[in-house]
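The values are calculated or read from the model by the stated rules, or taken from the named source; none is laboratory data. Only a predicted model underlies this, so the values are computations on that prediction, with no experimental measurement involved. When we count neighbours, we look across all protein chains shown, and the Cβ atoms used for this are built from the backbone with ideal geometry, even at glycine. These area figures cover heavy atoms from the full protein model, side chains too; ligands, DNA and RNA do not enter into them. Shrake-Rupley method; radii C 1.70, N 1.55, O 1.52, S 1.80 Å.
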Amino acid sequence: KQEVTQIPAALSVPEGENLVLNCSFTDSAIYNLQWFRQDPGKGLTSLLLIQSSQREQTSGRLNASLDKSSGRSTLYIAASQPGDSATYLCASTDSWGKLQFGAGTQVVVTP
Amino acid sequence: NAGVTQTPKFRVLKTGQSMTLLCAQDMNHEYMYWYRQDPGMGLRLIHYSVGEGTTAKGEVPDGYNVSRLKKQNFLLGLESAAPSQTSVYFCASRPGTGLGGYTFGSGTRLTVV
């Protein structure tokens, strides 16, 4: 059974610092890897989706890497802003699109 | 531009009562999913559907039933609610395998007393 782990569980940084969020998974036979953002009391917003054949994806200040052989993905957020405060979730996907989530990293960016 | 709409947004049930949660999407997506989110446990898959008329069990299906009679709707039923089913329920949809990412609804917060 796929297990997805996110470390750290919580992170607090001053505005302007770069954020590095880690995600590890036990089964490398994933279809793709996705990063989501969740604001308190809200649903999930998709940030980046990395296909299993890709090494990374970029969108604006966000960059996500994928290393299937080591079972790791990393989300980088450059020049963090208070608006980046949220919980970030990673999830692996199988061929049926079923998501296996990590428990998330709660991020606070202080002004 | 509704995306995925969940109703109701909040509900309080007494133990043993039944209810149905509705998920509706207007994007013509093939695949639909129901997840529950509990503190410290992330989201776990309850049931999913890969097309109209199909359903399949996920990781935590016990105590729940689903139906997908129309492509745009995915219903989650609780026949006899238990306090362990207190959770936030999220519905999601996606176009199909290899065709793009997921769209999530805003969630239904259910409390069973």
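Here are the numbers for the structure shown:
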| quantity | calculated |
| --- | --- |
| Amide H contacts of B:His47 (H built 1.01 Å from N, under 5 Å, at least 5 apart or other chain) | B:Trp34, B:Gly58 |
| Separation in nanometres of the label points that stand 7 Å from Cα toward Cβ, at A:Ser85 and A:Ser52 | 3.9 nm |
| 3J(HN,Hα) from dihedral phi, segment A:63-80, Karplus parametrisation 6.51/-1.76/1.60, rounded to Hz, x for glycine, proline | 9, 10, 10, 9, 10, 5, 4, 9, x, 9, 9, 10, 9, 10, 10, 7, 6, 4 |
| Environment charge of A:Leu11, counting only residues whose C-beta is closer than 12 Å and scoring Lys/Arg +1, Asp/Glu -1 | -2 |
| Nearest-0.05 FRET efficiency for B:Arg109 and A:Ser69, computed from C-beta distance (R0 45 Å) | 0.65 |
| Heavy-atom SASA rank of B:Leu110, A:Leu47 (probe 1.4 Å, accessible area, largest first) | A:Leu47, B:Leu110 |
| Gyration tensor verdict on the protein assembly as shown (Cα atoms; rounded if a/c is under 1.5, prolate if a/b is larger than b/c, oblate otherwise) | prolate |
| 3J(HN,Hα) from dihedral phi, segment A:22-29, Karplus parametrisation 6.51/-1.76/1.60, rounded to Hz, x for glycine, proline | 10, 9, 10, 9, 8, 10, 6, 7 |
| For chain A: relative contact order, % (alpha-carbon pairs under 8 angstrom, 6 or more apart) | 37 percent |
| Accessible area per residue, Å², chain B with all protein chains present, probe 1.4 Å | 46 Å² |
| Projected area, mean over directions - segment B:44-110, Cα convex hull, nm² | 4.8 nm² |
| GNM flexibility winner over chain B from B:Gln17, B:Gln72, B:Gln37 (Cα, springs under 10 Å) | B:Gln17 |
| Relative contact order %, chain B, counting alpha carbon pairs below 8 Å whose residues are six or more apart | 36 percent |
| Across A:Lys98/B:Lys57; A:Lys98/B:Lys9; A:Lys42/B:Lys70, pairs whose alpha-carbon gap is larger than 20 Å | A:Lys98/B:Lys9; A:Lys42/B:Lys70 |
| Probe 1.4 Å - accessible area at A:Ile30, Å² to nearest ten | 10 Å² |
| In range of the label at A:Thr110: residues from segment A:1-15 whose backbone nitrogen is under 13 Å from the point 7 Å along Cα→Cβ | A:11-15 |
| Long-range tail of P(r) for chain A (Cα pairs > 17 Å, %) | 49 percent |
| Amide H within-cut-off set for B:Val66, under 5 Å, with H built and near neighbours excluded | B:Gly77 |
| Charged-residue dipole, Cβ positions (Lys, Arg, Asp, Glu), the protein assembly as shown about Cα centre, Debye nearest 20 | 460 debye |
| Chain B: equivalent-ellipsoid semi-axes (sqrt of 5 x gyration tensor eigenvalues, Cα, Å) | 23, 14, 13 |
| Candidates A:Thr93, A:Thr74, A:Thr45, ranked by Gaussian network fluctuation over chain A, Cα under 10 Å, top entry | A:Thr45 |
| Using θ = phi - 60° and Karplus 6.51 cos²θ - 1.76 cosθ + 1.60, couplings along segment B:30-41 (whole Hz; Gly, Pro as x) | 7, 9, 9, 9, 10, 10, 10, 10, 10, x, x, 10 |
| Segment B:1-64: trypsin sites (Lys or Arg not before Pro) falling in loop per DSSP and having at most 13 other Cβ within 10 Å | B:Lys9, B:Lys14 |
| Distance from segment B:24-88 to segment A:66-111 (C-alpha centre basis), Å | 23 Å |
| Proximal charge balance of A:Ser65 [Cβ under 12 Å; K/R count +1, D/E count -1] | +1 |
| Accessible surface buried upon A-B contact (total; probe 1.4 Å; Å², nearest 100) | 1600 Å² |
| Shielding by other protein chains, A:91-99, mean Cβ within 10 Å | 6 |
| Rel. contact order, % - alpha carbon contacts under 8 angstrom, at least six apart, segment B:1-64 | 23 percent |
